[in-house]
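We did not get these values from a lab; they are worked out from the coordinates using the rules stated. These numbers come from a predicted model, not from an experiment. Cβ placement follows ideal geometry from the backbone for every residue including glycine, while neighbour counts extend to all protein chains displayed.
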Amino acid sequence: MGLLASGVIDLDDERVMQEVGIYTYRHPLENAEAYRDRLKGLTEQIKEMIRQGRAVIASDMFTFNNSLAKGRRMTNDLSKLMLRAYNAEAENAVRTMRAGNSLTAVRRLESAATSIAKLGAMMEMRVSPDYHALRIQELELTQDYLMKQQEEKERARDERERLREERKAEQELQAERERLQKERAHYTNVLASLRDEGDIEGVARLAAQLAEIDQAIAHNDYRTANIRAGYVYVISNVGAFGPNVVKIGMTRRLEPMDRVRELGDASVPFPFDVHALYFSDDAVTLEADLHNQFANQRLNRVNLRREFFFANPTEVRLVLASKIGNLLEFTEEPEAGQYFQSKKYWPMETQDARG
């Protein structure tokens with residue numbers, strides 16, 4: 001958001017980027033705390049310019065009633081009044097600013113500076129370009145700070161969600177192992193009894209069941225030890241996001257559909273439809289590969305943990321198949337039963353808008 005040679009701030013590029021959800025930091029800093037420190041320093045610079053009388057520029061040759069001294073007093077008083085009005089606009093712009101939209105605030109401050117220049121034209125009075133630049137920088141830093149603060153909150157929230165998901169997966173795997181061990185102990189006791197009774201057929205049948213349980217225990221232990229193993233899922237929600245948006249994610253949960261059902265909770269109007277659930281020994285890498293493939297089609301370009309993409313299931317199927325080979329199960333058309341049943345009762349204009 002820089003000043004052009006003409007002194008007019010070029011907002012077009014930033015406006016276009018913000019409209020599509022892309023925010024560019026004007027003053028890239030590491031974290032929100034760094035922005036707070038920078039803003040404190042900038043506030044001191046602003047105060048120092050005011051103390052030095054460099055915030056407003058005005059002619060010192062204006063006369064009143066043929067008196068240069070009276071003219072200078074009038075100019076000085078009016079300069080203070082104009083500066084107070086300008087600073088009030090600047091403070092209000094900072095106070096009411098919201099994350100992701102600094103354009104309105106900048107336009108308001110530009111308008112205030114222009115109005116002061118027009119009203120003070122006779123005395124060649126205007127807000128100092130250097131002072132105006134500091135206050136514009138204050139708006140930029142405030143906007144950057146708000147965005148960084150929001151980004152850090154979202155990152156922390158996503159990390160808490162990730163940890164909750166991991167704990168659920170670990171608890172489920174531990175509970176499953178305990179269940180399998182109890183089942184194994186039961187079958188082992190029954191097998192011993194059958195051997196004592198000489199039931200050869202029963203022994204063979206129980207031995208096969210024990211082998212299956214041992215295999216299940218081994219698989220469970222493998223998943224517990226291998227944090228990269230899990231299910232990659234491709235899901236959609238036509239009623240919430242439209243027909244050409246999918247979510248591509250992964251879960252280590254024992255029953256992946258539990259995770260899908262959680263995602264379709266009360267925060268969205270309809271449950272998700274599942275297009276694919278694929279177990280992978282390295283689901284982390286497979287998920288990352290799919291995300292990279294559709295990187296330019298992300299809905300959210302700021303928070304990359306939001307795994308929604310502008311793509312239809314067929315596109316994802318082709319990419320997924322190229323990564324893992326033949327897909328045994330993939331549903332291309334969403335069922336979306338609740339959505340289609342509900343849509344019949346929507347207002348006609350809403351149905352037309354949604355197609």
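Data overview
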{"quantity": "In nm, spacing of pseudo-spin labels at Thr24 and Glu335 (7 Å Cα→C-beta vector)", "calculated": "4.7"}
{"quantity": "Length-normalised contact order of the chain in % [C-alpha pairs under 8 Å, at least 6 apart]", "calculated": "14"}
{"quantity": "Percentage relative contact order, the stretch 165-225, counting C-alpha pairs under 8 Å, at least six apart", "calculated": "47"}
{"quantity": "DSSP loop chymotrypsin sites (Phe, Trp or Tyr not before Pro) with at most 15 other Cβ within 10 Å excluded, longest remaining stretch of the chain", "calculated": "26-344"}
{"quantity": "Ranked list, fewest to most other Cβ atoms within 10 Å of each Cβ, for Thr331, Thr251", "calculated": "Thr331, Thr251"}
{"quantity": "Exposure rule at most 16 other beta-carbon atoms within 10 Å, DSSP loop GluC sites (Glu not before Pro): the chain longest free segment", "calculated": "125-328"}
{"quantity": "Positive-end residue, the chain charge dipole about Cα centroid, Cβ charges, pick of Val94, Met147, His186", "calculated": "Val94"}
{"quantity": "Amide H partners (placed H, <5 Å) of Val56, local residues excluded", "calculated": "Ser128"}
{"quantity": "Net charge dipole size for the chain [Lys, Arg +1 and Asp, Glu -1 on Cβ; Debye, nearest 20]", "calculated": "2180"}
{"quantity": "Amide proton proximity set for Arg298, modelled H, under 5 Å, gap of 5+", "calculated": "Phe310"}
{"quantity": "Net lengthening on full extension, Ser111/Leu327 (0.36 nm per residue, minus Cα-Cα)", "calculated": "71.7 nm"}
{"quantity": "Structure-derived Cα Rg over 2.2 N^0.38 Å: which label, when the choices are [x] 0.98; [y] 0.91; [z] 1.59", "calculated": "[z]"}
{"quantity": "Fully extended contour minus Cα-Cα distance, from Arg54 to Thr188, at 0.36 nm per residue", "calculated": "39.2 nm"}
{"quantity": "Cα-Cα separations in the stretch 12-154 greater than 28 Å, expressed as whole percent", "calculated": "29"}
{"quantity": "Whole-Hz couplings from phi, Karplus 6.51/-1.76/1.60, listed for the stretch 42-55; x for Gly and Pro", "calculated": "5, 4, 5, 4, 4, 5, 5, 5, 5, 4, 7, x, 9, 7"}
{"quantity": "Percent RCO, i.e. relative contact order, over the stretch 12-154, from Cα pairs under 8 Å lying at least 6 residues apart", "calculated": "36"}
{"quantity": "Length released on extending from Glu154 to Glu197, taking residue separation times 0.36 nm less the Cα-Cα span", "calculated": "9.1 nm"}
{"quantity": "Folded to 0 to 90 degrees: helix 129-197 orientation relative to the chain principal axis, Cα", "calculated": "10"}
{"quantity": "With Cα atoms, 0 to 90° folded angle of helix 68-95 axis to the chain main axis", "calculated": "10"}
{"quantity": "Estimated 222 nm signal from helices in the chain, with DSSP H stretches of n ≥ 4 weighted -39500 (n - 2.57), rounded to 500", "calculated": "-20500 deg cm²/dmol"}
{"quantity": "Karplus (6.51, -1.76, 1.60) ³J(HN,Hα), θ = phi - 60°, over the stretch 235-252, in Hz, Gly and Pro reported as x", "calculated": "9, 9, 8, 4, x, 8, 10, x, x, 10, 9, 10, 10, 10, x, 9, 9, 9"}
{"quantity": "Efficiency of FRET between Arg162 and Arg95 - r from beta-carbon atoms, R0 41 angstrom, step 0.05", "calculated": "0.75"}
